[in-house]
Amino acid sequence: MSQGLTLYNTLTRRKELFEPIDAAHVRMYVCGPTVYDYAHIGNARPIIVFDVLFRLLRHLYGTDHVTYARNITDVDDKINARAARDYPDLPLNEAIAKVTAATEAQFKADARALRCLEPDVEPRATEHIGEMRAIIERLIERGAAYVAEDHVLFSVSAMEKLPRMPAYGSLARRSLDEMLAGARVDVAPYKRDAMDFVLWKPSKAGEPGWDSPGGIAGKGRPGWHIECSAMSWKHLIEAFDTRIQCDDAERNVFDIHAGGIDLVFPHHENEIAQSCCAFGSDRMANVWMHNGFLQVEGEKMSKSLGNFITINELLETEKFGGRAWPGAVLRLAMLKTQYRAPIDWTVRGLEEALANLKAWHAAEGIGEISPSDVPPEGLVAALSDDLNTPGAIAELHRLRKAGETAELAAGLAFLGLFDPATYGPGASAEIDPDLHARIDALVTARSRARAAKDFAEADRLRDELTALGVVVKDNKDGTATWEIRE
Ligand code: AMP
Ligand code: ZN
């Protein structure tokens, strides 16, 4: 590696040189979506930003030496409420399965349209209930959790009494009083202390429920935070060395944990408390990264303000700026701002991103190039400075001006922005962006229909695609890719 990678660490509030625990197994966990509704454009920010980090790590350490896990939260009260609303005639658990399957397929289609690589693992919460139960049992054993009225609660004050534990609140850097005031922590009669949080709660008949830990007789379901402690341990620690014991303090740590800035408290603070107390280490992950928030045309995005916009609406409808936007335009617009700064999502920004993509793809001969896997040095240098994507984009402009077309193509490809078929002149498959977006929309709708087992609709959509000369290939994970028939 010619230069070091520096990353801003929320834990220390500083940019630090990144040093992996094991350069042969660099490990990163990003908190993923709760699958009850379309992802909005704010949710696209961590997906895109940490995809760039994933690409950079693969370049620096080797494709086979990086593991990226991003979870799917498929158990949550918001999911239950949505399922009951959308399928009032179905038993709740069947309705939930429909909502989560369709939303997960949609999320994956969105991520693919945004030209993100698939993470190595996308674990689902409901497939890790056993691991969650084991961690909860361990927390009870160590005195860091207690059972009350069929709930299991994490005891914040007990954490302080265990050896080596970080202080609760050290990631958020807030005092207990501030945390109590800021997080509107639920006060419940069964809590010993207002700060204590739920690890497990009882389920009523008909609600999703699993055998409970802690000797509780009835069925129950996990609280919000425990799934990430369980899935990160399973896929980033145990998967690499099954000999690692739960109390092997030194080895129960992975490299990077990331998500949006709103997750610092309480979600990440609580993940740290759970993992450290269960596994005995003083850290859960070495580096904590958080993307800043996205607002729309200068205002906080919210349904009540009418400026709430989903990734899918941007890709498929004319709701924002009077046209549908190809995924690479959304991706570039997102990367123009460094990930920690707030971003203002505007029509103007999308128009500029589209113009940039066209200008880059107008470079002489770029349509005939198949870009090398080696990104230009200047681009790697910019990204290695805490993901300085504006710097990386400036480098693309410089390469275009300097006529370094092969380097430009490699840089575009590295950032997931190389697409002469859509943006270049005189390319073999002259697909204009509108047609491209239309095809993406049809392919996505078909994947969604298949996930919902609506095969008649899926077949109808395939016929429509065939009529456009498009061949669709279905992947094992329920997603699909397409190409224009030669
Ligand atoms: P949620 O579905 O709300 O848990 O969010 C999924 C991911 O998107 C988390 O990493 C959030 O921090 C992130 N996120 C949610 N809203 C925004 C926003 N407006 N801007 C940037 N990131 C966001
Ligand atoms: Zn999480």
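The values are calculated or read from the model by the stated rules, or taken from the named source; none is laboratory data. Quick caveat: nothing in here was measured; it's all calculated off a predicted structure. Don't worry about glycine lacking a Cβ; one is built from the backbone with ideal geometry, like all the others, and counts go over all protein chains shown.
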Q.
Regarding segment 159-174, can at least one residue be identified that is under 31 Å from the mean Cα position of the chain (by Cα) and over 16 Å from GLN274 (Cβ atoms)?
A. yes
Checked LEU17, LEU57, LEU53 against criteria (more than 16 Å from ligand 1 (Cβ to nearest atom), touching a residue at least 12 places away in the same chain (Cβ under 8 Å) and buried (at least 20 other Cβ atoms within 10 Å of the Cβ)); the one match is LEU57
Looking at this structure, is ILE216 within 16 Å of ligand 1 (Cβ to nearest atom), buried (at least 16 other Cβ atoms within 10 Å of the Cβ) and not in a helix (DSSP H, G or I)?
no
With criteria (1) modelled with pLDDT of 95 or more; (2) part of a helix (DSSP H, G or I); (3) of a type in the set (A, V, I, L, M), MET289 comes up short on (2)
For segment 450-479 the number of residues that are surrounded by 12 or more Cβ atoms within 10 Å (Cβ to Cβ), part of a helix (DSSP H, G or I) and more than 27 Å from the chain's Cα centre (by Cα) is 9
Going through segment 353-381 in order, the residues found to be in a helix (DSSP H, G or I) and farther than 19 Å from VAL52 by Cβ are LEU354, ALA355, LYS358, ALA359, HIS361, ILE366, GLY367, GLU368
Counting only residues in segment 219-241 that are under 26 Å from the mean Cα position of the chain (by Cα) and part of a loop (DSSP other than H, G, I, E, B), the one nearest to ligand 2 (Cβ to nearest atom) is identified as HIS225
- Quick check: is even one residue across segment 55-76 within 26 Å of MET301 (Cβ to Cβ), in the same structural domain as PRO222 (by TED's automatic domain parsing) and more than 16 Å from ligand 2 (Cβ to nearest atom)? no
* Looking at this structure, is SER281 in a loop (DSSP other than H, G, I, E, B), away from ligand 2 (no atom under 16 Å from the Cβ), over 18 Å from ALA39 (Cβ atoms) and not aromatic (Phe, Trp, Tyr)? -> yes
All conditions in (1) within 14 Å of ligand 1 (Cβ to nearest atom); (2) within 16 Å of the chain's Cα centre (by Cα) are true of LYS78 except (2)
